[in-house]
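The structure appears below as structure tokens.
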Amino acid sequence: FVMAAPHRSREGLSTRPAAYGGGSDEIQLRIDPMHSDFDDEVTGLRKQVRKLRDVAQEIETEAKFQNDFLNQLQMTLIKAQAGVKNNMRRLNRSIMRDGSSHVMHVVLFGMLLFFVVYFWAKIFRK
């Protein structure tokens, strides 16, 4: 990171590349002694750093809350998945054990219903 010319931020403050060079991303801050608002600049910078720290703490708190929420949601989904799997096993066992008789009952009910509707249609058609 090499800067061609110093950049001025406000009166009295300017940036320049670090003296030891290389690929460093560090920037040195040079304060022009001709201006007397150093205390104001430092106070302003401290306030901005304090605001950034507060925002970072709020982000950290929110991230922890979201992480806990996701962990609880994941546990709930795992429990629900286990419950569904157990119920599917029970249902499969029940179908294997009693499946043929259930199918027979459904077929007989369908045939009975068909004949009732058929005869009813014949009786009321006359």
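Where a number appears in this text, it was derived from the coordinates with a stated rule and is not lab data. What you see is a predicted model; the values in this text were computed from it and never measured. We place every Cβ from the backbone using ideal geometry, glycine too, and count neighbours over all the protein chains shown.
Shown in residue order for the stretch 61-67 are the 3J(HN,Hα) couplings computed by the Karplus curve 6.51 cos²θ - 1.76 cosθ + 1.60 at θ = phi - 60°: 4, 5, 5, 5, 4, 4, 5 Hz (x for Gly and Pro). Computed from backbone phi, the HN-Hα couplings of the stretch 70-84 come to 5, 5, 5, 5, 5, 5, 4, 5, 5, 5, 5, 4, 5, x, 5 Hz, rounded to whole numbers (Karplus: 6.51 cos²θ - 1.76 cosθ + 1.60, θ = phi - 60°; Gly and Pro given as x). Taking all C-alpha pairs of the stretch 39-100, those more than 14 Å from each other amount to 76 percent. Based on the Cβ-Cβ distance of Gln74 and Met96, what FRET efficiency does E = 1/(1 + (r/R0)^6) give at R0 = 25 Å, to the nearest 0.05? Calculated value: 0.15.
Would you mind calculating the gained length between Val55 and Thr43 on full extension (0.36 nm times residue separation, minus the Cα-Cα distance), in nm to one decimal?
Numbers: separation 12, 0.36 × 12 = 4.32 nm, distance 1.84 nm.
Full extension of this stretch gives 2.5 nm more.
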